[in-house]
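> Below is one structure. I have some questions about it.
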Amino acid sequence: MLTITDPSDMRVWSNRAASTGRTIGFVPTMGALHEGHLALIAEAAERCDAVVVSIFVNPLQFNETTDFDSYPRPIDDDIAVCSAAGVSAVYAPTARAMYPEGFQTRVVPGALADRMEGPGRPGHFEGVVTVVAKLFGAVRPDAAIFGQKDFQQLAIVTAMAADLDMGIEIVGHPIVREPDGLAMSSRNVRLTPTQRSAAVCVPRSLDAAISAAGHVDATAGSVTGAAAQVIAAEPLARLEYSTVFDADTLEEFNSDDSLRQSGADRVLRIATAVWFDDVRLIDNRPLAE
């Protein structure tokens, strides 16, 4: 397995692979790899001949400097994980290589970025699509695998790849969860043992929402209210938001919208963001499972 740090070297490797007829599956990550990432790598391996994993903590997508500074970076462990998983190459560029002096071009996402996570994290999705576009340009994959935990990110990247004619298949992989239901995340390692025990309230709040959605008179408000009650019962948790949305358009439902009427013939999901001190966890699930 090769570890590549320069964009031009990454392109050379990818071009050579393509010249021999090998397809490339790509898994973009910010490192701190866990079983969820391994599931994405396995998906890429099933679809393509070679797998590239990128490891880069992207400063453009962080709204809080403290969050960026505290993001885990166990690069040696991550490279070992990739090697054991049969990855062909790890692309681990430096910030200077990604954003050299004079860098000024940004990719601007469309209306999908103005909803849900967007208003509370100004510039976040612009940072995401900018770095993903640069990673795509270096790796030149045939398929790229993203987890559905960041559902809005997946939708925005899918739209970018289609709108800009990138010719890359964007694949959304189902959320991988811990035995107690918590969505796997690199941020989970920042939870204290007490917070980690409390964090189970996040998936349980989605369970409550799905149960509430099954009532004939369910509204978006009754569904998000059921989720909020579970979070409110956990003293260590602070709810940022809970929302019902259209999985295709990301259109959010108003609290009094009837799910039976407004949600007819639409695939609905619920998403939530919950804080445990300075650790922010997100999760989402379809309302009909």
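The values are calculated or read from the model by the stated rules, or taken from the named source; none is laboratory data. Note that the coordinates shown come from a computational prediction; the quantities given were computed from them, not determined experimentally. With ideal geometry, Cβ positions are generated from the backbone for all residues, glycine too; neighbour counts draw on all protein chains shown.
> Given the condition assigned to a helix (DSSP H, G or I), of a type in the set (Lys, Arg), within 27 Å of Leu40 (Cα to Cα) and modelled with pLDDT under 95, answer yes or no: does some residue in segment 183-191 qualify?
Yes; the residues of segment 183-191 include at least one that is assigned to a helix (DSSP H, G or I), of a type in the set (Lys, Arg), within 27 Å of Leu40 (Cα to Cα) and modelled with pLDDT under 95.
> Take the residues in segment 1-48 that are in a strand (DSSP E or B) and under 20 Å from the mean Cα position of the chain (by Cα); name whichever of them is farthest from Arg190 (Cα to Cα).
Per the stated criteria, the residue is Gly25.
> Oh, and also: State whether one or more residues within segment 251-259 are touching a residue at least 12 places away in the same chain (Cβ under 8 Å), in contact with a strand residue (DSSP E or B) (Cβ under 9 Å, 6 or more places away or on another chain) and assigned to a helix (DSSP H, G or I).
Yes, segment 251-259 has at least one match.
> Tell me which residues, restricted to segment 199-235, are surrounded by 22 or more Cβ atoms within 10 Å (Cβ to Cβ) and among the polar types (S, T, N, Q).
Ser205, Thr219, Thr224 - these are the residues of segment 199-235 that are surrounded by 22 or more Cβ atoms within 10 Å (Cβ to Cβ) and among the polar types (S, T, N, Q).
> Now a separate question. Within segment 49-86, which residues are under 18 Å from Gly137 (Cα atoms) and not in a helix (DSSP H, G or I)?
Ala50, Val51, Val52, Val53, Ser54, Ile55, Phe56, Val57, Asn58
> Does Ile145 fit the bill of being buried (at least 19 other Cβ atoms within 10 Å of the Cβ), in contact with a strand residue (DSSP E or B) (Cβ under 8 Å, 6 or more places away or on another chain) and assigned to a strand (DSSP E or B)?
yes
> How many residues does segment 87-102 hold that are surrounded by 12 or more Cβ atoms within 10 Å (Cβ to Cβ) and in a loop (DSSP other than H, G, I, E, B)?
Adding up the residues that qualify gives 5.
> How about segment 264-289: which of its residues are part of a loop (DSSP other than H, G, I, E, B) and under 23 Å from Arg204 (Cα atoms)?
Val267, Asp277, Asp278, Leu287, Ala288, Glu289
> Hey, among the residues in segment 38-55 that are in contact with a helix residue (DSSP H, G or I) (Cβ under 9 Å, 6 or more places away or on another chain) and without any contact (Cβ under 8 Å) to a residue 40 or more places away in the chain, which one's surrounded by the fewest Cβ atoms within 10 Å (Cβ to Cβ)?
Only one residue fits best here, namely Asp49.
> Read through the list (1) surrounded by 17 or more Cβ atoms within 10 Å (Cβ to Cβ); (2) farther than 24 Å from Pro119 by Cα, then give the number of the only condition that Ser258 fails.
If we test Ser258 against (1) surrounded by 17 or more Cβ atoms within 10 Å (Cβ to Cβ); (2) farther than 24 Å from Pro119 by Cα, just (1) comes out false.
> Could you grab me the full set of residues in segment 241-255 that are in contact with a Phe, Trp or Tyr (Cβ under 6 Å, 6 or more places away or on another chain) and farther than 16 Å from Ala113 by Cβ?
Correct list: Val244 only.
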